[in-house]
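K.L.:
Shown below is the structure under consideration.
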Amino acid sequence: MTDHDTQGRLTSRSIRSFVIRNGRLTKAQAVAMQNLLPLYGIDYNEDQLLDFSSLFETKSHGKTVNPVWLEIGFGNGDALLDMASRYPDTNFIGIEVHEPGVGQALMGIESNALTNVKIIQHDAMEVLQHMVPAASLNRVLLFFPDPWRKKRHFKRRIVQTEFIELVANKLEPGGVLHCATDWQDYAEWMLEKLQASEQLDNNSATGTYCERPEWRTNTRFEQRGERLGHSVFDLLYSKPRPT
Ligand SMILES: C[S@@+](CC[C@H](N)C(=O)[O-])C[C@H]1O[C@@H](n2cnc3c(N)ncnc32)[C@H](O)[C@@H]1O
């Protein structure tokens, strides 16, 4: 698929929720990219569905028995590493496009000797579309996604109907999509789009936001938001189990 159609118009593929910033890698991050990415990274391959039972160590009768949580846009990996340390019986896939963040997370995986984390450096939308099997994820975590504050950039927000449908398809029954943001306008946008979903149910008794669950780490983006006096909004939606 290309970024332009035959008339030269932009296609939805070209609207990305990120801009690749040319952040410089520290020397340690560069070394991690070279030495650790082959160990803990998964190459993007649009023709290859992930097989969690061969990716992760914990197996029973050849199948992964541990749940898989997938974090989109993990930044420097603070939450990812913290969750992976606190929940050793859960497997984690972290997706991020920003190379210094990927390098930093790789260093953390190595120094904490984590065996339950894999990293994919690629657009999460494409990873979900092409590499994640249907009904395979126990949680999809989206913490403090870029808010794209200007109206003309709203189309870049990752939370769109297409994203919600895609995530709903990849969650196992009972699985949860958890989004958090400190940007009220984006929280309201997420709420509107998620409430409209016929595939996911809001976990909030009030039909709005939830209390912060204990698995969500307080990341640096959240701390920055708190310093600016922002509230934080957690949205948790479950895929119903068949009755
Ligand atoms: C505002 S930062 C938040 C980082 C982290 N979740 C935190 O709370 O500290 C958003 C991150 O999402 C990443 N990102 C945005 N869209 C993405 C996509 N489609 N696939 C992978 N990463 C993405 C960006 O590169 C950026 O690092």
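K.L.:
Note down all Cβ pairs under 6 Å where the first residue falls in the stretch 13-37 and is more than 10 Å from the ligand (Cβ to nearest atom), the second is of a type outside the set (S, T, N, Q) and part of a loop (DSSP other than H, G, I, E, B), and they're at least six residues apart or on different chains.
P.N.:
Hits for this filter: ARG13/MET1; ARG13/ASP3; SER14/ASP3.
K.L.:
A further question follows. Name the pairs: first residue in the stretch 98-111 and more than 13 Å from the ligand (Cβ to nearest atom), second residue at pLDDT 95 or above and among the β-branched types (Val, Ile, Thr), Cβ to Cβ under 8 Å, at least 6 apart or on different chains?
P.N.:
LEU106/ILE119; ILE109/VAL117; ILE109/ILE119
K.L.:
Against the conditions (1) modelled with pLDDT of 95 or more; (2) within 19 Å of LEU166 (Cα to Cα), where does THR90 fall short? Just the number, please.
P.N.:
The number of the failed condition is (2).
To keep it simple, each residue is scored yes or no on (1) free of Cβ contacts under 8 Å to residues at least 24 places away in the same chain; (2) of a type in the set (Gly, Ala, Ser).
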| position | (1), (2) |
| --- | --- |
| PRO147 | no, no |
| ARG156 | no, no |
| GLU162 | no, no |
| GLY175 | no, yes |
| GLU192 | yes, no |
| ASN202 | no, no |
| GLU214 | yes, no |
| VAL232 | no, no |
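K.L.:
Restricting attention to the stretch 70-83, does a residue exist that is within 11 Å of the ligand (Cβ to nearest atom), within 25 Å of ILE15 (Cβ to Cβ), touching a residue at least 40 places away in the same chain (Cβ under 8 Å) and surrounded by fewer than 23 Cβ atoms within 10 Å (Cβ to Cβ)?
P.N.:
Within the stretch 70-83, one or more residues are within 11 Å of the ligand (Cβ to nearest atom), within 25 Å of ILE15 (Cβ to Cβ), touching a residue at least 40 places away in the same chain (Cβ under 8 Å) and surrounded by fewer than 23 Cβ atoms within 10 Å (Cβ to Cβ).
K.L.:
Please verify whether GLU226 is within 16 Å of the ligand (Cβ to nearest atom), closer than 14 Å to PHE143 by Cα and of a type in the set (D, E, K, R), treating the condition exactly as stated.
P.N.:
no
K.L.:
Restricting attention to the stretch 12-51, which residues are part of a helix (DSSP H, G or I), within 19 Å of the chain's Cα centre (by Cα) and under 18 Å from ASN76 (Cα atoms)?
P.N.:
Residues satisfying the conditions are LEU37, TYR40.
K.L.:
Residues being over 15 Å from the mean Cα position of the chain (by Cα) and either without any contact (Cβ under 8 Å) to a residue 24 or more places away in the chain or within 15 Å of the ligand (Cβ to nearest atom) (or both): count how many of those fall in the stretch 112-123.
P.N.:
Matching residues across the stretch 112-123 total 1.
The values are calculated or read from the model by the stated rules, or taken from the named source; none is laboratory data. Everything numeric in this text was worked out from a predicted model, so none of it was measured. For neighbour counting, all protein chains shown are included, and Cβ atoms are generated from backbone atoms with ideal geometry for every residue, glycine included.
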